[in-house]
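Below: the structure, in structure tokens.
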Amino acid sequence: MLSRFDYVRPQLLEEALAYLRQNTGTEILAGGTDLMIMLRRNAQMPGHVLDIKSIPETKRLEYKPGQGLFIGATVTVNQVAEADFIQKKYAALVQAANSLASYQLRNRATLVGNICNASPGADLAAPLLVYDAKVHIANSQGNRLVAINEFFTGVKKTVLQRGEMVLGVSLPDVTAGDVSIFLKQARIKGHDLGIVGVAARLAADKVCRIAMSAVAPTPIRLTKLEEVLNAQPLTAELAIWAGEEARKLIKPISDVRSSAEYRLHVSGVLVKRALTQLLDMGGK
Amino acid sequence: MCEKHSAAEKCFSYTDSGLPRVQLICVVNDEPVIARIDPTMTLLTFLRKELSLFGTKEGCGEGECGACTIIMNGDAINSCIVLALEAQGAVITTVEGLSREGKLSILQQEFINHDALQCGFCTPGMLMSARALLNRNPNPDEEAIKEAIAGNFCRCTGYTPIISAISSAAKLEREERQQ
């Protein structure tokens, strides 16, 4: 590591936001599982590292009936996976959390860090997309809310502006009968990045949502497919059709983990499988 | 620029930033530690360079291999991708903290009994991941053991004896507690 940076760990949000505004070239540190690697490789050489783990607002993890779920910016992936209220209500989120990297990394990595890093393959993005999550962004002037489907703007790019930080994400409450699933294809079972990730949800009102990761420059919702699915009752035949159709809506690339052809193939399989399993879970 | 490799971009080894030292207070293996350190130092570098705790290893340096696994505030973590200053006020256990009064712990002894190490490079990390697992789940099944060490790479012993050692240690620790 060749960076020379000040390390600051403010106790108050106001202090952090003032520091961000005053110091260009500040990198925000939460879990550090992405940032520390960039520092080691000298791929990023920030002058300032702002550790947000002591800010009370970022540690919030709570569920309120009728209001939903809030996950603060320094809540770790293991905290998400182990929270009983998330396990009961937001199955796809827990499944995605448990599929991310290794146990040690999940003890450090944060859900918000996963989306701020904005990898096309971010495991936690697809579940957040099917739950219509909102990203709470703060700057020294105030707060703004951005829908998760508008948060990603490209590979490793988000709507975040200089001087801004994410405080957390909120997910609307779900009612009984709401089922969801996350499926991930990786080269090995265990510590690996996904070749393709699929989250599917069938809400209690029978509205179906599908999102995917690692098949486009950003994680995406398959809204066109959802429109067709939501115009008729979900059946096993429709699930098979949706698997075929999903392949037409994505633009995967070839990389070290998979060829584009295999990504296309397995995307269809996973969409079909996810919808079939939602049906089995009593979706209809 | 790294003095050792005189290469700015490809040098991955630790270089002292020369920045003013900052105080770090934490507890390592039950001993209070007060040190003045380089703010850009990783926790792994701190343990090895400043405290001479050479049990914890650097493998990949990027959180992939698990050789640097330690327990911080009860959680197994990769110390190579944590800044030393993030451990301010933390309680840390490294592999050196597993034995008591010169006597190996049950877990360490079971690694020996099951031939769960050959070159030994992954062993400190394996032991710490296993320790953290047994602390949170005293009776893990094989799946739970595999999941707990999925982030610890072994390239020579093979995982089967390691899994047996952890399973056996869990059983012996449970028996010991009942006595």
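Nothing in this text is a laboratory measurement; each read-out follows from the coordinates by a stated rule. Keep in mind the model is a prediction, meaning the values are calculated, not measured. Cβ coordinates were reconstructed from backbone atoms using ideal geometry, including for glycine residues, and neighbour counts include every protein chain displayed.
Farthest towards the positive end of the charge dipole of the protein assembly as shown, among the residues A:L105, A:C208, B:T42, is the Cα of A:C208, using unit charges on the Cβ of Lys, Arg, Asp and Glu. Taking Cα centre as origin and charging only the Cβ of basic (Lys, Arg, +1) and acidic (Asp, Glu, -1) residues, the dipole magnitude of the protein assembly as shown rounds to 760 debye.
Centroid-to-centroid, using Cα positions, segment B:82-127 and segment A:56-125 are 29 Å apart.
Computed over the Cα atoms, what is the radius of gyration of segment B:106-178 divided by 2.2 N^0.38 Å, N being its residue count?
Cα Rg divided by the expected 2.2 N^0.38 Å: 0.98.
The GluC sites (Glu not before Pro) of segment B:49-157 that meet both conditions, a loop assignment by DSSP and at most 13 other Cβ atoms within 10 Å of the site Cβ, are B:E101.
In segment B:76-179, what trypsin sites (Lys or Arg not before Pro) fall in a loop by DSSP, with at most 16 other Cβ atoms inside 10 Å? Before the final figure, lay out each step's value.
Values: sites: B:R100, B:K103, B:R131, B:R136, B:K146, B:R155, B:K171, B:R174, B:R177; in loops: B:R155.
Here the sparse-neighbourhood loop sites are B:R155.
Across chain A, Cα pairs under 8 Å and at least six residues apart give a relative contact order of 16 percent. Distance from the C-alpha centroid of segment B:40-79 to that of segment A:207-230: 40 Å, rounded to the whole angstrom.
Taking the longest Cα principal axis of chain A as reference, the axis of helix A:236-246 is set at about 50 degrees. Straight-line reach from A:K272: taking Cα to Cα under 15 Å and skipping same-chain neighbours fewer than 8 places apart, the aspartates and glutamates in range are A:E226, A:E237, A:E244, A:E245, A:D280. Taking Cα centre as origin and charging only the Cβ of basic (Lys, Arg, +1) and acidic (Asp, Glu, -1) residues, the dipole magnitude of segment A:179-283 rounds to 280 debye. Its relative contact order, with pairs defined as Cα atoms under 8 Å and 6+ residues apart, puts segment B:22-97 at 41 percent.
Give the residue list of trypsin sites (Lys or Arg not before Pro) in segment A:170-268 that are DSSP loop and have at most 15 other beta-carbon atoms within 10 angstrom. Don't skip to the end; give the middle numbers.
Numbers: sites: A:K184, A:R187, A:K189, A:R201, A:K206, A:R209, A:R221, A:K224, A:R247, A:K248, A:R257, A:R263; in loops: A:R187, A:K189, A:K206, A:R257.
The qualifying sites are A:R187, A:K189, A:K206.
Angle of helix B:123-136 to the longest C-alpha principal axis of chain B, folded into 0 to 90 degrees and rounded to 10: 60°. Relative contact order of segment A:213-284: 36 percent, from C-alpha pairs under 8 Å at least 6 residues apart in sequence.
Shown here: segment A:56-171, whose C-alpha atoms stretch 35, 32, 25 Å along the first, second and third principal axes, sorted largest to smallest. Dimensions of chain A along the principal axes, based on C-alpha atoms and rounded to the nearest Å, stand at 58, 44, 31, largest first. What number comes out for the charge environment of B:V33, summing +1 per Lys or Arg and -1 per Asp or Glu over other residues with Cβ under 15 Å away? Spelling it out: positives minus negatives among the neighbours equals -1.
Going toward the positive end of the dipole of segment B:106-178, with +1 on Lys and Arg Cβ and -1 on Asp and Glu Cβ, which of B:P124, B:I106, B:I162 do you reach last? Toward the positive end, the furthest listed residue is B:P124. Once you sort the root eigenvalues of the Cα gyration tensor of segment A:4-96 as a ≥ b ≥ c, which label holds: rounded (a/c under 1.5), prolate (a/b larger than b/c) or oblate (the other case)? Note, shape of segment A:4-96 comes out oblate. Calculated [222 nm] ellipticity per residue, helices only, for chain A: -8500 deg cm²/dmol; basis is -39500 (n - 2.57) per DSSP H run with n ≥ 4, divided by all residues, nearest 500. Remark: mean inter-chain Cβ contacts per residue of A:203-213 equal 0, using a 10 Å Cβ-Cβ cutoff to other protein chain atoms.
So which of A:K88/A:K134; A:K156/B:K146; A:K59/A:K157; A:K53/B:K49 end up more than 28 Å apart, counting from Cα to Cα? Don't skip to the answer; put the middle values down first.
Details: A:K88/A:K134 20 Å; A:K156/B:K146 32 Å; A:K59/A:K157 24 Å; A:K53/B:K49 26 Å.
From the list (A:K88/A:K134; A:K156/B:K146; A:K59/A:K157; A:K53/B:K49), the Cα-Cα distance tops 28 Å for A:K156/B:K146.
Return the equivalent ellipsoid semi-axes of segment A:175-279 as a descending list in whole Å, where each equals the square root of 5 times an eigenvalue of the C-alpha gyration tensor. Each step should come with its number before you reach the end.
Values: eigenvalues 112, 43, 26 Å².
Over the Cα atoms of segment A:175-279, the semi-axes work out to 24, 15, 11 Å.
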